[in-house]
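The values are calculated or read from the model by the stated rules, or taken from the named source; none is laboratory data. Being a predicted model, the structure only gives us computed values, none of them experimental. Counting neighbours? That spans all protein chains shown, and the Cβs are built from the backbone with ideal geometry, glycine included. We work out accessible area using only protein heavy atoms, side chains counted, and drop any ligands, DNA or RNA first. Shrake-Rupley method; radii C 1.70, N 1.55, O 1.52, S 1.80 Å.
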Amino acid sequence: MDYDRLVSTTADVGVLLIKNGAEISRAEESMRRIFLAYGVEQGEVFAIPTFISISCSTPSGRPVTAIRRIPSRRVDMTRVDLANSLCRRVCRQKPDFSTVNRELRKISARRPFPFPAQIAGFAVVAFAFTLFYGGSFADALVAMVCGAVTKPVLRLLEKLRSNLFFLNVAASFVTAAVALTFAHFFVYLSYDKIIIGALMNLVPGIAITDFMRDVIAGDLISSVLRFAESMMIAAAIAIGAGIALTATRMLWGV
């Protein structure tokens, strides 16, 4: 048994899960099960949303440890599902580590949905939530435009490697500014419902869900970090929309 490769490969599985939106309890359980599949019963696993540390001991007593930093995360449930399937296959078949690493690289290299489809998704979400919150059909159509604008802004800022807080402030500002511009020229529009519906694209639903699941699972440190991340994103969204509202009042005197 190559314990160094076992620990390294197991850590890579955990990183793949967490960086694509999996909850901490899922990642830790997956890593523990891989250890057990290869005969390591005393493996130690510790993970939070930005950090993983795992270790085990060889039969001779030599400790083997791997530490991974997770600087950025995104939500890709397809990758999480594929990683889960890989973990189950590893536990059943116990393949060699080269095969596992090749599968991990294949999952990591999987391309997301085409960018036009992502824009359409943002537009549909904004349209649906505007109607849900009581907006008119005209409000929902404007919200579709706002949602379609939001995704290119996010992608541009991601390419510029903007931090999560500024990214959400800027995206929220642009979304609200577009909605307020339409409402200024078409006074029958309800800009509040348009903004609320369009900004639902930015609400950290996965982070909030993972926070609650981490609390239930007893992962208190990771749950506090998830909660802080959710509050930071919520504050960024509010700040961006607030700046747009203030700027509108200053420009148009309303």
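Quote the accessible area belonging to Phe186 in square angstrom, nearest 10, computed with a 1.4 Å probe and with ligands, DNA and RNA left uncounted.
Using a 1.4 Å probe on the heavy atoms, I get roughly 90 Å².
In the structure displayed, which of Lys19/Lys159; Lys19/Lys106; Lys159/Lys193 lie more than 22 Å apart, Cα to Cα?
Lys159/Lys193
Based on alpha-carbon centroids, what's the gap between region 1-56 and region 181-254 in Å, whole number please?
33
Placing unit charges on C-beta atoms (Lys and Arg positive, Asp and Glu negative, everything else neutral), compute the dipole magnitude of region 108-229 about its Cα centre in debye, rounded to 20.
440
Once the cut-off is 18 Å, how many percent of the Cα-Cα pairs in region 178-254 end up in the long-distance tail?
Of the Cα pairs, 53 percent sit more than 18 Å apart.
Could you give the nm distance between label points at Leu220 and Glu44, where each point is 7 Å from its Cα heading toward the beta carbon?
1.9
Taking a probe of 1.4 angstrom, what is the accessible area of Val153 in Å², to the nearest 10?
Estimated to the nearest 10 Å², Val153 gives 30 Å².
Quick one: order Ser223, Ser53 from most to least accessible surface, probe 1.4 Å.
Greatest to least solvent exposure: Ser53, Ser223.
Checking the a/c ratio against 1.5 first, then a/b against b/c, what shape does the Cα gyration tensor give for region 62-112?
oblate
Based on the Kirkwood radius over alpha-carbon pairs, what value in µm²/s does the Stokes-Einstein equation return for the translational diffusion coefficient of region 113-254 at 25 °C and 0.890 mPa s?
Roughly 157 µm²/s, to the nearest whole number.
For Gln93 paired with Val75, estimate the spin-label separation in nm (one decimal), with each label point 7 Å from Cα along the Cα-to-Cβ line.
Spacing of the two 7 Å Cα→Cβ label points: 3.2 nm.
So, taking all protein chains as they sit and a 1.4 Å probe, how much accessible area belongs to Ile243, in Å² rounded to tens?
Roughly 80 Å² of Ile243 is accessible to a 1.4 Å probe.
Once the Cα atoms of region 144-221 are picked out, what are the Rg and Dmax in Å?
That works out to 15.8, 52 Å for Rg and Dmax.
On average, how much accessible surface per residue is there in the chain, in Å², for a 1.4 Å probe, leaving out ligands, DNA and RNA?
Counting only protein heavy atoms, the per-residue value for the chain is 53 Å².
Looking at Leu202, Ile243, Val215, which one has the Cα that reaches farthest to the positive end of the dipole of region 187-254 (charges on Cβ: Lys, Arg +1; Asp, Glu -1)?
Ile243
Using θ = phi - 60° and the Karplus relation 6.51 cos²θ - 1.76 cosθ + 1.60, list the HN-Hα couplings for region 204-209 in order, rounded to whole Hz, with x at every Gly or Pro.
x, x, 5, 4, 5, 4
Tally up the carbon and sulfur contribution to the accessible surface of region 1-99 as a whole percent, 1.4 Å probe, everything protein left in place.
Ligands and nucleic acids excluded, carbon and sulfur reach 48 percent.
Heavy atoms only, 1.4 Å probe, whole protein assembly: order Glu23, Glu229, Glu158 by accessible area, highest first.
Glu158, Glu229, Glu23
Note the direction-averaged projected area, equal to a quarter of the hull surface, for the Cα convex hull of region 39-168, in nm².
Projected area, direction-averaged: 11.5 nm².
Counting each pair of different Cα atoms once, what's the Kirkwood radius of region 3-56 in Å, rounded to one decimal?
Computed over region 3-56, the radius equals 10.8 Å.
For Lys159, Lys193, write out the residues from largest to smallest accessible area, computed with a 1.4 angstrom probe and no ligands counted.
Heavy-atom accessible area, descending, gives Lys159, Lys193.
What is the gain in length, in nm to one decimal, between Leu131 and Val153 on full extension, counting 0.36 nm per residue of separation less the C-alpha to C-alpha distance?
Once the chain is fully extended between Leu131 and Val153, it gains 5.5 nm.
Give or take rounding to whole Å, what are the principal axis extents of the alpha carbon atoms in the chain, in descending order?
Extents along the principal axes: 77, 32, 32 Å.
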